[in-house]
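Asker: Have a look at this one.
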Amino acid sequence: MALREIIVVPDPRLKQVSKPVDVVDDALRALMDDMLETMYAAPGIGLAAIQVAEPMRVIVMDLAREGEEPQPRFFVNPEILWASEETAPYEEGCLSVPEIYDEVERPARVKLRYLNYQGEQVEEDAEGLYAVCIQHEMDHLDGVLFIDHLSRLKREQAIKKVKKQAKAA
Ligand code: K1U
Ligand code: ZN
């Protein structure tokens, strides 16, 4: 396993639409292992492959709280089959937009389909933080960041702040 660099705004690669995966093989599992290690080290609760500059429809996630057993989850070619009309707000963050947090409103519940670490098809309902995180990560697969759900002013301010942090580092 290896730590990968997480790319940050305004890197144009974050706007790319990621490509579907053909086969879940050992090479893909090695990428997912690297992504999980990178996410834990950041630390974060989710990570899309494009955030480590791999334009593939792959996501890792772990929503276990501190002190709980790790619960790594792997999503290959995820699809949203249904989204509730009811929405819910959540104060989101993103490892590619470091130190910026703001409220985003998304469907409160979704039904999703994906391939797991073994390449098996899974269908699942998600609500709460799981629903928020999978929608945030699936946006990454389509080149959408959580700041794209904010006003233009807030988005521009966020990017300016991240650029300033990068200069100071
Ligand atoms: O960059 C990412 O996509 C990961 C992002 C996921 C996310 C967070 C909140 C709402 C929606 C999606 C993060 O993990 S940001 C860091 C974070 O939330 C966190 C870090 C350490 C402990 C707990 C949370
Ligand atoms: Zn993100």
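The values are calculated or read from the model by the stated rules, or taken from the named source; none is laboratory data. All values reported here derive from a predicted model rather than from experimental measurement. So basically every Cβ, Gly included, is an ideal-geometry build from the backbone, and we count neighbours across all protein chains shown. Ligands, DNA and RNA are excluded from the accessible area calculation, which covers all protein heavy atoms including side chains. Shrake-Rupley method; radii C 1.70, N 1.55, O 1.52, S 1.80 Å.
Asker: Relative contact order for the chain: what percent, with Cα pairs under 8 Å and sequence separation of 6 or more?
Answerer: 24 percent
Asker: Quick one: which residues, 5+ away or cross-chain, put their amide H under 5 Å from the amide H of Arg109? H built at 1.01 Å from N.
Answerer: Ser84
Asker: For the chain, give the magnitude of the charge dipole about the Cα centre (Cβ charges: +1 Lys/Arg, -1 Asp/Glu; no others), in debye to the nearest 20.
Answerer: In total the dipole reaches around 980 debye.
Asker: Now for a separate question. Below 13 angstrom from the Cβ of Leu28, what's the summed charge of the other residues (Lys, Arg +1; Asp, Glu -1)?
Answerer: After counting each charged neighbour, the total is -3.
Asker: What is the Cα centroid distance between the stretch 61-93 and the stretch 123-140, reported in whole angstrom?
Answerer: Cα centroid to Cα centroid, the span is 4 Å.
Asker: Can you give the convex hull volume per residue for the Cα atoms of the stretch 12-168, as a whole number of Å³?
Answerer: Dividing the Cα hull volume of the stretch 12-168 by its residue count gives 121 Å³.
Asker: For the pair Gln118/Val144, report the inter-label distance in nm, with labels modelled 7 Å from Cα in the Cβ direction.
Answerer: About 3.2 nm separates the two model spin labels.
Asker: What trypsin sites (Lys or Arg not before Pro) in the stretch 1-105 are in a loop by DSSP, with at most 15 other Cβ atoms within 10 Å of the Cβ?
Answerer: Arg65
Asker: Per residue of the stretch 134-140, what does 6.51 cos²θ - 1.76 cosθ + 1.60 with θ = phi - 60° give for ³J(HN,Hα)? Whole Hz please, x for Gly and Pro, Karplus curve as stated.
Answerer: Result, rounded to whole Hz: 5, 5, 4, 5, 5, 4, 4.
Asker: Next question, about the same structure. For the chain, what is the accessible area per residue in Å² when the probe is 1.4 Å?
Answerer: Result: 56 Å² per residue.
Asker: Residues of the stretch 110-127 with the amide nitrogen closer than 19 Å to a label point 7 Å from the Cα of Ala88, along Cα-to-Cβ, please.
Answerer: Inside the label zone: 110-113, 124-127.
Asker: So who's got an amide H within less than 5 Å of the one on Ile45, skipping anything under 5 residues away but keeping other chains? H placed 1.01 Å off N, in plane.
Answerer: Under 5 Å from the amide H of Ile45 lies no amide H from a residue far enough along the sequence or on another chain.
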